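The values are calculated or read from the model by the stated rules, or taken from the named source; none is laboratory data. Just so we're clear, the structure is a prediction, and the values are computed from it rather than from any experiment. As a convention, Cβ positions derive from the backbone with ideal geometry for all residues, glycine included, and neighbour counts pool all protein chains shown.
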Amino acid sequence: MGRRKQKMVSVDQVEVSDDDSMTSASTALSDHGLAQETDNIDSLEFELEKHLDALYEKRGSTRENALAGLVSAFEGHVLIDFIQNRYITLLHQYISLLKKGSAKESCLAARAVGLLSITSGCGSNTHEVMEEAIPPLSRALISGPDAVRIFVLDSLAVVTFVGSNNWEETEATMKIMWEIIHPKSLSKAGTIVKPSSAVLVAALSAWSFLLTTLTGWRVDLDMWTEMISFLCSLLEKGDRMVRIASGEAIAVIFEIVIAGKLSNVSNDLESQEDIPSKPKWFIYLLSLKEKIISLVSDLSMEAGERGLTRKPCVRICFTGRVHPETSLVVSKKQGVLTTSTWTELIQLNFLKRFLGSGFLKHAQDNELLHNVFDLIPHSESNLTTSQKRIVRSSGDRMRTQGLKRDRHLANLRKGALVFDGQD
């Protein structure tokens with residue numbers, strides 16, 4: 001019995017040793033994971049600090065590389081901690097390089113301003129970013145080359161979308177964009193200065209994106225019918241991308257601006273009843289109906305949009321009863337992002353294009369996109385880096401304690417524990 005007792009104690013000692021080693025290994029792996037994550041975060045922040053310092057260098061190529069590094073980092077990460085005490089410094093440097101830098105620096109700087117605004121998200125800094133950024137962006141839009149103007153239009157749209165406090169502020173930016181879309185001023189030669197197709201597409205896209213934020217019905221229908229008339233002229237001929245952007249703008253106008261007014265006059269523009277008593281704007285839109293139907297249908301077939309048949313394309317513009325639907329898997333936890341209106345689709349497509357490969361990361365972790373698309377945030381997404389470490393460290397300790405408890409219960413069930421003094 002003595003030998004058996006000694007043997008059982010030995011086994012128990014081995015098992016205790018295994019428990020300790022497993023616990024130690026689990027803790028070590030946990031610590032290693034946290035250390036590795038900390039190293040990655042510290043390494044990224046170190047690189048960002050280097051890029052920020054390099055923005056002050058005299059050599060243009062050095063500043064360009066620094067801007068490119070910052071743009072890449074802000075695309076792929078939601079760097080809320082980094083900008084917390086640096087957003088004014090970053091903004092002022094971006095604006096400075098937008099004004100005095102090369103064309104490439106100006107493009108990168110404009111994009112960096114937009115990314116800074118998106119990263120600030122729902123914070124209190126976004127309105128200040130908008131107020132400081134719009135004047136220099138507007139000047140660059142007037143005098144810059146086409147490449148710069150395209151980046152500036154995107155940035156203007158983003159900083160206004162994120163930072164605007166009311167429709168008047170948004171409308172002011174949209175007016176700047178509309179001057180690009182429909183220029184009325186004459187050049188010194190006495191001819192209208194028309195934008196290139198690429199700039200026109202960017203302006204239409206940015207203008208439509210901001211239009212999606214319109215709420216309420218304080219609208220001048222005569223003004224909107226004039227805009228629709230001009231957009232129809234863009235639908236008639238020319239670059240296909242311009243025509244597509246014009247068609248999308250018309251669809252958003254009908255969905256947001258016209259649909260509410262139609263409900264007070266008629267079910268839709270297909271009604272032919274009592275036309276003389278209708279408002280002037282209704283009669284005018286009715287006169288444009290066949291033209292828009294024909295142009296949108298032709299464009300739909302030409303573009304080969306198999307997801308939208310001819311009839312829905314037509315009905316979208318005039319009734320709002322059929323909507324373009326799309327879906328995008330964000331993550332296992334947050335599920336699928338779906339759209340069912342032109343407003344949602346325009347917002348999704350614009351932000352996907354602007355954020356590029358970083359869209360999914362921002363959709364998962366950026367509070368702004370959670371609010372825009374009604375996404376459910378990850379449980380840790382609103383925590384700072386240090387808070388995430390504490391939560392994960394606490395979770396690791398709880399898992400370790402759970403493993404110890406489970407092994408102890410398993411040993412009790414097996415009757416493997418030996419008490420001192422037992423023969």
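Considering only the stretch 86-133, state which residues are in contact with a Ser or Thr (Cβ under 9 Å, 6 or more places away or on another chain), more than 18 Å from D146 (Cα to Cα) and basic (K, R).
If the condition is that a residue be in contact with a Ser or Thr (Cβ under 9 Å, 6 or more places away or on another chain), more than 18 Å from D146 (Cα to Cα) and basic (K, R), then no residue fits.
Tell me yes or no: at least one residue of the stretch 142-151 is in a helix (DSSP H, G or I), within 19 Å of K361 (Cβ to Cβ), out of contact with any His (no Cβ under 9 Å at 6 or more places or on another chain) and among the charged types (D, E, K, R). Give the steps one after another, and end with the answer.
Step one: list which residues in the stretch 142-151 are in a helix (DSSP H, G or I), which gives 142-143, 146-151.
Cutting the leftovers down to within 19 Å of K361 (Cβ to Cβ) gives us none.
Within the stretch 142-151 (the criterion being in a helix (DSSP H, G or I), within 19 Å of K361 (Cβ to Cβ), out of contact with any His (no Cβ under 9 Å at 6 or more places or on another chain) and among the charged types (D, E, K, R)), the answer is no, since none of the residues qualifies.
Enumerate the pairs (first residue in the stretch 51-63 and closer than 13 Å to E105 by Cα; second residue anywhere and of a type in the set (D, E, K, R) and not in a helix (DSSP H, G or I)) with beta-carbon separation below 7 Å, excluding pairs fewer than 6 apart on the same chain, so at least 6 apart or on different chains.
R63/E57
Do we have any residue at all in the stretch 348-360 that's farther than 30 Å from C232 by Cα, hydroxyl-bearing (S, T, Y) and modelled with pLDDT of 75 or more?
Yes; the residues of the stretch 348-360 include at least one that is farther than 30 Å from C232 by Cα, hydroxyl-bearing (S, T, Y) and modelled with pLDDT of 75 or more.
Have a look at G101, G163, G121 and point out the one that is touching a His at 6+ places or on another chain (Cβ under 6 Å) and touching a residue at least 24 places away in the same chain (Cβ under 8 Å).
On the way: G101 fails: touching a His at 6+ places or on another chain (Cβ under 6 Å); G121 fails: touching a His at 6+ places or on another chain (Cβ under 6 Å).
Of the residues listed, the single one that is touching a His at 6+ places or on another chain (Cβ under 6 Å) and touching a residue at least 24 places away in the same chain (Cβ under 8 Å) is G163.
Right, S196: surrounded by 20 or more Cβ atoms within 10 Å (Cβ to Cβ) and either of a type in the set (K, R) or at pLDDT 70 or above (or both) or not? Reasoning before the result, please.
On the way: surrounded by 20 or more Cβ atoms within 10 Å (Cβ to Cβ): no; either of a type in the set (K, R) or at pLDDT 70 or above (or both): yes.
Here the answer is no, as S196 does not meet what is asked.
Which is among the hydrophobic types (A, V, I, L, M, F, W, C), closer than 29 Å to Q364 by Cα and at pLDDT 95 or above, of L44, L52? Walk me through how you get there before you give the answer.
Working: L44 fails: at pLDDT 95 or above.
Only one candidate passes the filter, namely L52.
Quick one: which of E131, E171 is in a helix (DSSP H, G or I) and without any contact (Cβ under 8 Å) to a residue 12 or more places away in the chain? If you could, list the steps in order and put the result at the bottom.
Values: E131 fails: without any contact (Cβ under 8 Å) to a residue 12 or more places away in the chain.
Unique residue meeting the criteria: E171.
Suppose we filter the stretch 37-82 for residues that are among the polar types (S, T, N, Q), in the same structural domain as S102 (by TED's automatic domain parsing) and either surrounded by 12 or more Cβ atoms within 10 Å (Cβ to Cβ) or assigned to a loop (DSSP other than H, G, I, E, B) (or both); how many remain?
Step one: of the stretch 37-82, the residues among the polar types (S, T, N, Q) are 38, 40, 43, 61-62, 65, 72.
Pick out the ones that are also in the same structural domain as S102 (by TED's automatic domain parsing) and you get 61-62, 65, 72.
Checking the rest, the ones that are also either surrounded by 12 or more Cβ atoms within 10 Å (Cβ to Cβ) or assigned to a loop (DSSP other than H, G, I, E, B) (or both) come to 62, 65, 72.
The qualifying residues number 3.
Which residues, taken from the stretch 83-116, are surrounded by fewer than 14 Cβ atoms within 10 Å (Cβ to Cβ), closer than 18 Å to L156 by Cβ and among the charged types (D, E, K, R)?
Matches in the stretch 83-116: K99 only.
Looking at the stretch 67-80, can you tell me whether even one residue there is closer than 22 Å to E131 by Cα and in contact with a Pro (Cβ under 6 Å, 6 or more places away or on another chain)?
Within the stretch 67-80, not a single residue is closer than 22 Å to E131 by Cα and in contact with a Pro (Cβ under 6 Å, 6 or more places away or on another chain).
Return the only residue of S138, S120, S124 being touching a helix residue (DSSP H, G or I) at 6+ places or on another chain (Cβ under 8 Å), of a type in the set (G, A, S) and more than 21 Å from K352 (Cα to Cα). Talk me through it step by step, then tell me what you get.
Working: S120 fails: more than 21 Å from K352 (Cα to Cα); S124 fails: touching a helix residue (DSSP H, G or I) at 6+ places or on another chain (Cβ under 8 Å).
When all the criteria are applied, what remains is S138.
Among the residues of the stretch 171-193, is there at least one that is crowded, with 19+ Cβ neighbours inside 10 Å, among the β-branched types (V, I, T) and over 25 Å from G238 (Cα atoms)? Reasoning before the result, please.
Step one: of the stretch 171-193, the residues crowded, with 19+ Cβ neighbours inside 10 Å are 173-174, 176-177, 180-181.
Add one more test, that the residue is among the β-branched types (V, I, T), and what stays is 173, 176, 180-181.
Then keep just the ones that are over 25 Å from G238 (Cα atoms); that gives 173.
Checked against the condition, which is being crowded, with 19+ Cβ neighbours inside 10 Å, among the β-branched types (V, I, T) and over 25 Å from G238 (Cα atoms), the stretch 171-193 yields at least one hit.
Please specify each residue of the stretch 223-238 satisfying the condition of being farther than 15 Å from S297 by Cα and either buried (at least 18 other Cβ atoms within 10 Å of the Cβ) or not polar (S, T, N, Q) (or both).
M223, W224, T225, E226, M227, I228, F230, L231, G238
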